[in-house]
Each structure stands twice: as C-alpha cells, then as structure tokens.
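Student: Sharing a structure with you now.
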Amino acid sequence: MSIKIPEDFKFDSDGKFVSYLKIPHSTNNSGWGSLMMPIILIRNGKGKKILFTGGNHGDEYEGPIALRKLANELEPDDIEGQVIIIPYLNFPAILEGSRLSPIDGLNMNRSFPGDPQGSITLAIADFVFQELVQRSDVVFDFHSGGSSMIFEPCAVIHHLTDAQQMKKTISATRSFGAPISLVLRELDSEGMLDTVVEESGRIFISTELGGGGFLSPKTLNIAEKGIRNILRHFEILPKNDDTFQGTRFMETPVDGGYIMSPNAGIYEPLIELGEKVNKGQLIGRIHSLTEIDCPAVEITSKIEGILVTRAGRAPVKHWDTIAVIASDFDVSIYE
Ligand code: ZN
C-alpha cells in the first residue's frame, strides 16, 4: 500500500499546509476509494521540529480535539520552527470509535515501525515513522484510557538509559504541566510509537489524560494548555512569564504497580482516582456473575502510593487492568 506525502505539502517551505494523506481503501461499496486522513504542517524558519499525534487509539478523545483546534488556530507567523499535526492517527479506528482498527484489527501502538507492504495500520505506521518522525526532534503522542480504563490525568514518559535524553525528556514533561508526570513501566513495549522514537534518540512524551470513552473539560484543558506549554518550552512559540503549575513525578514500581483482575466478574471500586493507598489496603472487590453465594474477591494493594488508573468498565475479565498504583519518583538526579 502506497501512502505518499501530499503534493500540496512542502517540507522545505515556510507556510501552513492543510491536507490529507490518501490511503487506498477498496471496499464493496467503493471499489477505487481511499480514506483521506488529515495532516497539517506549519513551518516558519529554522527552530525545533515537533510532531503531535492524537487518536493513536480511536476511543481516546483529548488529543484529537486539542490537536484539531491547534491545527485551525496556529499560523506560521506565530512560530519559529516546524509543527506537524496528525489529529487522528488510527483514522479508521477513530471513524469507528474503537481502540483498534476495524479494517485489519490491529493496535496502532503495537504496529511500529510499520511496514509499507503490510495492512492499513502497518502502512500508516510506516509512513508516520519514515516521513514524519524522521523530520522531527520531538514527538508528542496523546492517549487517554480508552473505553476500558480511566486515568488520573498524567503526562507519560519512560525510564531511559541515556541520561541526557532522560534529562531533556523530564524537563519538557515538567513544562507540559499535567498534575502527575508518570514514568511508566510498560507491560508490552514492542511495536509502540514510544519505543521506536525513544530508540531513535529523540524526545518522546505521551499522556494518559482520562478515559472511559468520554471527555471532560478538565482533561481537555490540560491537553490544550499543555500543548502551548510544550511549544514554549521548545521555543517554537515565544517564551512567556507564565509560571507552570507544578507536576508530581511518579513511577509505576516493578512490584505492585499493576493490579490485574484475578478472575472475571463485576468490579466494585472502593477508592477514587488520585486517592492515597496504603500497603495492604482494600481497594476493590470482584463479584461473581455465576455464583450468587460465593464471597467477593478482595483486591488489596501490595504497595503504598496513589491510584492513577482503574478499570473504566464495571464488568472485568480475567487479567484486565483494574488498578495502577504509582509512587513518587525523585527526578533530582536528572536536574
Ligand atoms: Zn491509547
């Protein structure tokens, strides 16, 4: 499948280019049809180059809306540098309102670096990695919890082995200004946009802003303010004297950070997102749907910390993520 840079796109010229990636998609009802996926380039002079992506998962909405607004508002004269915006990265998924692509069933964030000869998700991933990531110094990818999880709003980064890269990433993440900046240990990092960008030595930041398949004014506001803060941090927008709202750096400990459902049932949460959790504290119960008289399974935390994620739907299956507990992370060695 061939996805090309639109002819009206000029990576070497200053200006604003609003266009569509033409993704061939032949169906029974549209034999020679294509999906037209929005892409926006705003460029002026020689400053830093940033790529913003939203809709990596099609049921996460803060990124798509905040980036759509940015694409409509930002003009070349406002900036020094280059801003590329893909508001709807897994475009077929966002059209469907689903996490995964309804066309090939793939998770965009397990499809990098992609394959130009592969199915639609792999071909989009390949285009984004080869043509857009390679033209960027910084990549910012918006996520939320999607239909199955809800997060206390967080910026998300990872533990990096390169201390200089880690230092720059922490500094940029602080400027974004989310209430929590989470240094996340991923359960499955193979094929993530995060992983391929970090391995290329670039700065990568993600978010987990809310979830449950809905939006809130609070989480959208964090996204919109954070975008401007990030553009100022990299001097793509002029710096101003705004003092950043403080962020709390936290991490997911190797042991006890993730709590998966030990069996299927209905999850009864006992604490709210953002609440403090003590070691050994009861945080929820799972009620059986098949045995009315068996006791509910009690879920306790192995560690002390803050509840940053919980199941976004009451019905849970065996090994669904039902809670993530984060503990404070000292970033002073990087500052
Ligand atoms: Zn996501």
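Student: Of the residues that sit in the stretch 70-88 and are free of Cβ contacts under 8 Å to residues at least 60 places away in the same chain and in a loop (DSSP other than H, G, I, E, B), which one is farthest from the ligand (Cβ to nearest atom)?
Tutor: Of everything passing the filter in the stretch 70-88, Glu75 is farthest from the ligand (Cβ to nearest atom).
Student: Does Arg185 qualify as being more than 17 Å from Gly55 (Cα to Cα) and modelled with pLDDT of 95 or more? Walk me through it before giving the result.
Tutor: On the way: more than 17 Å from Gly55 (Cα to Cα): yes; modelled with pLDDT of 95 or more: no.
Taking the combined requirement at face value, the residue does not satisfy it.
Student: Determine, yes or no, whether Leu95 is surrounded by 20 or more Cβ atoms within 10 Å (Cβ to Cβ) and more than 16 Å from His143 (Cα to Cα).
Tutor: Numbers: surrounded by 20 or more Cβ atoms within 10 Å (Cβ to Cβ): no; more than 16 Å from His143 (Cα to Cα): yes.
Taking the combined requirement at face value, the residue does not satisfy it.
Student: State all residues of the stretch 55-69 that are touching a helix residue (DSSP H, G or I) at 6+ places or on another chain (Cβ under 6 Å) and assigned to a loop (DSSP other than H, G, I, E, B); if no residue qualifies, say none.
Tutor: Answer for the stretch 55-69, where residues must be touching a helix residue (DSSP H, G or I) at 6+ places or on another chain (Cβ under 6 Å) and assigned to a loop (DSSP other than H, G, I, E, B): Gly55, Asn56, His57, Gly58, Asp59, Glu60.
Student: Can we say Ala314 is farther than 23 Å from Ala155 by Cα, touching a Lys or Arg at 6+ places or on another chain (Cβ under 6 Å), loosely packed, with under 15 Cβ neighbours inside 10 Å and of a type in the set (A, V, I, L, M)? Spell out how you get there, then give the answer.
Tutor: Values: farther than 23 Å from Ala155 by Cα: yes; touching a Lys or Arg at 6+ places or on another chain (Cβ under 6 Å): no; loosely packed, with under 15 Cβ neighbours inside 10 Å: yes; of a type in the set (A, V, I, L, M): yes.
Spelling it out, it is not the case that Ala314 is farther than 23 Å from Ala155 by Cα, touching a Lys or Arg at 6+ places or on another chain (Cβ under 6 Å), loosely packed, with under 15 Cβ neighbours inside 10 Å and of a type in the set (A, V, I, L, M).
Student: Still on this structure, I have one more. Need the failing condition index for Ile306 against (1) of a type outside the set (Gly, Ala, Ser); (2) surrounded by 14 or more Cβ atoms within 10 Å (Cβ to Cβ); (3) touching a helix residue (DSSP H, G or I) at 6+ places or on another chain (Cβ under 8 Å), just the number.
Tutor: (3)
Student: Can you name the residue in the stretch 21-69 that is over 27 Å from Lys225 (Cβ atoms) and buried (at least 16 other Cβ atoms within 10 Å of the Cβ) and is also farthest from the ligand (Cβ to nearest atom) among such residues?
Tutor: Taking the stretch 21-69 as the starting set, the residues that turn out to be over 27 Å from Lys225 (Cβ atoms) are 21-36.
Now drop any that are not buried (at least 16 other Cβ atoms within 10 Å of the Cβ), which leaves 21, 23, 25, 35.
Working: Leu21: 20, Ile23: 21, His25: 23, Leu35: 20 Å.
Residue satisfying both the conditions and the ranking: His25.
Student: Which residue, of Lys46, Lys69, is over 19 Å from Asp194 (Cβ atoms), over 22 Å from the mean Cα position of the chain (by Cα) and of a type in the set (D, E, K, R)? Walk me through it before giving the result.
Tutor: Values: Lys69 fails: over 22 Å from the mean Cα position of the chain (by Cα).
Just one listed residue meets the conditions, Lys46.
Student: Continuing with this model, one more query. Would you say Ala93 is under 24 Å from Ile3 (Cα atoms), within 12 Å of the ligand (Cβ to nearest atom) and assigned to a helix (DSSP H, G or I)?
Tutor: Details: under 24 Å from Ile3 (Cα atoms): yes; within 12 Å of the ligand (Cβ to nearest atom): yes; assigned to a helix (DSSP H, G or I): yes.
Spelling it out, Ala93 is indeed under 24 Å from Ile3 (Cα atoms), within 12 Å of the ligand (Cβ to nearest atom) and assigned to a helix (DSSP H, G or I).
Student: In this structure, does Gly114 turn out to be small (Gly, Ala, Ser), away from the ligand (no atom under 16 Å from the Cβ) and buried (at least 20 other Cβ atoms within 10 Å of the Cβ)?
Tutor: Values: small (Gly, Ala, Ser): yes; away from the ligand (no atom under 16 Å from the Cβ): yes; buried (at least 20 other Cβ atoms within 10 Å of the Cβ): yes.
When the stated conditions are applied, Gly114 passes them.
Student: Can you pull out the strands (runs of 3 or more DSSP E) entirely within the stretch 145-256 that have at least 2 residues that are within 14 Å of the ligand (Cβ to nearest atom)? Please lay out each step first, then the result.
Tutor: Values: elements: 149-151, 154-157, 180-183, 203-208, 248-251.
Once the strands (runs of 3 or more DSSP E) in the stretch 145-256 are filtered for at least 2 residues that are within 14 Å of the ligand (Cβ to nearest atom), what remains is 149-151, 154-157, 203-208.
Student: Something else now. Name the pairs: first residue in the stretch 280-309 and in contact (Cβ under 8 Å) with a residue 40 or more places away in the chain, second residue in a strand (DSSP E or B) and exposed (fewer than 13 other Cβ atoms within 10 Å of the Cβ), Cβ to Cβ under 7 Å, at least 6 apart or on different chains?
Tutor: Ile306/Lys276
Student: While we're on this one: Which of the residues belonging to the stretch 13-54 are of a type in the set (Ser, Thr, Tyr) and touching an Asp or Glu at 6+ places or on another chain (Cβ under 6 Å)? Spell out the reasoning first.
Tutor: First, pick out the residues of the stretch 13-54 that are of a type in the set (Ser, Thr, Tyr): 13, 19-20, 26-27, 30, 34, 53.
Correct list: Ser19, Thr53.
Student: Which condition number does Ala178 fail, the rest of (1) loosely packed, with under 15 Cβ neighbours inside 10 Å; (2) among the small types (Gly, Ala, Ser); (3) modelled with pLDDT of 95 or more being met?
Tutor: Condition (1) is where Ala178 drops out.
Student: Read through the list (1) under 18 Å from Lys22 (Cβ atoms); (2) within 16 Å of the ligand (Cβ to nearest atom); (3) assigned to a helix (DSSP H, G or I), then give the number of the only condition that Ala123 fails.
Tutor: (2)
Student: Do you know which of the residues in the stretch 126-144 that are part of a strand (DSSP E or B) and of a type in the set (A, V, I, L, M) is nearest to the ligand (Cβ to nearest atom)?
Tutor: Step one: list which residues in the stretch 126-144 are part of a strand (DSSP E or B), which gives 138-141.
Subsequent filtering for residues that are of a type in the set (A, V, I, L, M) retains 138-139.
Working: Val138: 19, Val139: 15 Å.
So, considering only residues that are part of a strand (DSSP E or B) and of a type in the set (A, V, I, L, M), the one nearest to the ligand (Cβ to nearest atom) is Val139.
The values are calculated or read from the model by the stated rules, or taken from the named source; none is laboratory data. What you see is a predicted model, and the numbers here were worked out from it, not measured in a lab. For neighbour counting, all protein chains shown are included, and Cβ atoms are generated from backbone atoms with ideal geometry for every residue, glycine included.
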